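Heads up, the thing below is written out as structure tokens.
The values are calculated or read from the model by the stated rules, or taken from the named source; none is laboratory data. These numbers were taken from a predicted model, which means no experiment stands behind them. So basically every Cβ, Gly included, is an ideal-geometry build from the backbone, and we count neighbours across all protein chains shown. When the accessible area is computed, the model is the full protein with side chains, heavy atoms only, and any ligands, DNA or RNA have been set aside. Shrake-Rupley method; radii C 1.70, N 1.55, O 1.52, S 1.80 Å.
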Amino acid sequence: MLVEDLKLILKVAEFRSITTAAAKLDMRAATASAAIKRVEAALGAELFVRTTRHLRLSAAGERFLPQCQQAVLMLEQATLALKGEHDEIEGELRVALSSDLGRNIIIPWLDELLDEYPKLSMRPHISDSNVDFYRDSVDFALRYGSPSDSNLYGFKICNVPRLLCATPEYIAEHGAPTHPDELSQHQGLFYQLQDIINNVWEFTDGTERFKVKMQGRRASNDGDLVRRWCVAGKGLAVKSCIDISDDLLSGLVVPVMQNYPHLCAELWLICPSRQSITPAVRLVRDICRAKTKAILNQLIEKGILDKRVLDN
């Protein structure tokens, strides 16, 4: 039985809510539910009585809770006694990163971190393919989209609007589309995952969704290359506002068709287990949250994004 699972049980009992307890512990509700099931399976008893509106301790839960509190306290005291400087930032950052986000955004931040903490090292795994924590030699990943596996642990970093972008030169030559129906007249620049080309783009005006199958002569499994094509004026691309932030802020590219935004994504830090969440990983999480918020604020100040993007 994991200590972190027991801490979750105590939080759920305190707040009478799995969702609230998960938020307090910075985890997803699905992950919390899976942890509760693990503990109940190990004990052979249900700790909570759940209804559609309420959650309370069962009779077994009432008996288990005091001993659970005592066990967690003893383990925490023993851990602190052994570790001494338990919050020292050290170790190797084995992180999986997508190509554009990793090379151009995250790696410079990690370089700054290594300059500040001499006991840290890093071994980034750069690929636009989804990481397999059981096959690839990585301890955590920074990815767009929340983890779909309830056994994984995730920390949301920020909301990330995806923007339709082009260069001012491309717009001057080909015109700026103002409605999704006009996109058929333009060249798309596509990201490709395995054999699937992402040439169907989806937009919304807030009430209705528009799916457009784009035409184009360039597709790559490397998001950084797609960004480079866009900056070179080869066509229109849908890019994460974080990935292409430098080009937007410098004016190399401009957002297009802003009345019909692409669907928003989220940036997450994902770990395969609680044991992977070291002080160094938590520091990376906090730095990424601060740095991405600063980028989003710059894009808001320039009128590229709405300030509601900062809402959780």
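Evaluate the stretch 248-265: report whether one residue or more is within 14 Å of LEU164 (Cα to Cα), touching a Ser or Thr at 6+ places or on another chain (Cβ under 6 Å) and not polar (S, T, N, Q).
Yes; the residues of the stretch 248-265 include at least one that is within 14 Å of LEU164 (Cα to Cα), touching a Ser or Thr at 6+ places or on another chain (Cβ under 6 Å) and not polar (S, T, N, Q).
From the list ALA41, ALA45, ALA141, exactly one residue is over 22 Å from MET27 (Cβ atoms) and either hydrophobic (A, V, I, L, M, F, W, C) or at pLDDT 90 or above (or both). Which is it?
ALA45
Within the stretch 183-206, work out how many residues are of a type in the set (D, E, K, R) and touching a residue at least 24 places away in the same chain (Cβ under 8 Å). Reasoning before the result, please.
So the first thing to find is which residues in the stretch 183-206 are of a type in the set (D, E, K, R), and the list is 195, 202, 205.
Now narrow it down to the ones that are touching a residue at least 24 places away in the same chain (Cβ under 8 Å): 202, 205.
The total comes to 2.
Identify, by number, the condition in (1) within 30 Å of ALA30 (Cβ to Cβ); (2) open to solvent by 20 Å² or more (accessible area, probe 1.4 Å); (3) modelled with pLDDT of 95 or more; (4) not acidic (Asp, Glu) that LYS211 doesn't meet.
(3)
Is it the case that VAL72 is modelled with pLDDT of 90 or more, closer than 15 Å to LEU2 by Cβ, part of a helix (DSSP H, G or I) and β-branched (Val, Ile, Thr)?
no
Pick out the one residue from GLU92, GLU88 that is under 30 Å from ASP115 (Cβ atoms) and modelled with pLDDT of 90 or more.
Within the list GLU92, GLU88, the selection yields GLU92.
Please report, ordered by residue number, the helices (runs of 4 or more DSSP H) entirely within the stretch 1-51 with at least 1 residues that are touching a helix residue (DSSP H, G or I) at 6+ places or on another chain (Cβ under 9 Å), open to solvent by 70 Å² or more (accessible area, probe 1.4 Å) and hydroxyl-bearing (Ser, Thr, Tyr).
Once the helices (runs of 4 or more DSSP H) in the stretch 1-51 are filtered for at least 1 residues that are touching a helix residue (DSSP H, G or I) at 6+ places or on another chain (Cβ under 9 Å), open to solvent by 70 Å² or more (accessible area, probe 1.4 Å) and hydroxyl-bearing (Ser, Thr, Tyr), what remains is 18-24.
So, in the stretch 6-42, how many residues would count as being out of contact with any strand residue (DSSP E or B) (no Cβ under 8 Å at 6 or more places or on another chain) and in contact (Cβ under 8 Å) with a residue 40 or more places away in the chain?
Adding up the residues that qualify gives 8.
Please count how many residues of the stretch 214-228 are more than 22 Å from the chain's Cα centre (by Cα), farther than 20 Å from PRO161 by Cα and open to solvent by 30 Å² or more (accessible area, probe 1.4 Å).
Within the stretch 214-228, residues that are more than 22 Å from the chain's Cα centre (by Cα), farther than 20 Å from PRO161 by Cα and open to solvent by 30 Å² or more (accessible area, probe 1.4 Å) number 5.
Please enumerate the residues belonging to the stretch 177-231 that are farther than 17 Å from ILE244 by Cβ and among the small types (Gly, Ala, Ser).
SER184, GLY206, GLY216, ALA219
Taking the condition assigned to a loop (DSSP other than H, G, I, E, B) and either out of contact with any Ser or Thr (no Cβ under 7 Å at 6 or more places or on another chain) or open to solvent by less than 30 Å² (accessible area, probe 1.4 Å) (or both), does SER150 pass? So that I can check it myself, show each step before the final result.
Values: assigned to a loop (DSSP other than H, G, I, E, B): yes; either out of contact with any Ser or Thr (no Cβ under 7 Å at 6 or more places or on another chain) or open to solvent by less than 30 Å² (accessible area, probe 1.4 Å) (or both): no.
No: the conditions fail for SER150.
Which one is farthest from THR31 (Cα to Cα), of the residues in the stretch 282-308 that are surrounded by fewer than 18 Cβ atoms within 10 Å (Cβ to Cβ), touching a residue at least 60 places away in the same chain (Cβ under 8 Å) and among the hydrophobic types (A, V, I, L, M, F, W, C)?
ILE287
Which is closer than 24 Å to ARG285 by Cβ and either of a type in the set (A, V, I, L, M, F, W, C) or touching a Lys or Arg at 6+ places or on another chain (Cβ under 6 Å) (or both), of LEU10, LEU55, LEU43? Outline the logic, then answer.
Values: LEU55 fails: closer than 24 Å to ARG285 by Cβ; LEU43 fails: closer than 24 Å to ARG285 by Cβ.
The match here is LEU10.
Please specify each residue of the stretch 98-129 satisfying the condition of being closer than 13 Å to ALA280 by Cα and either part of a loop (DSSP other than H, G, I, E, B) or of a type in the set (Val, Ile, Thr) (or both).
TYR117, PRO118, LYS119
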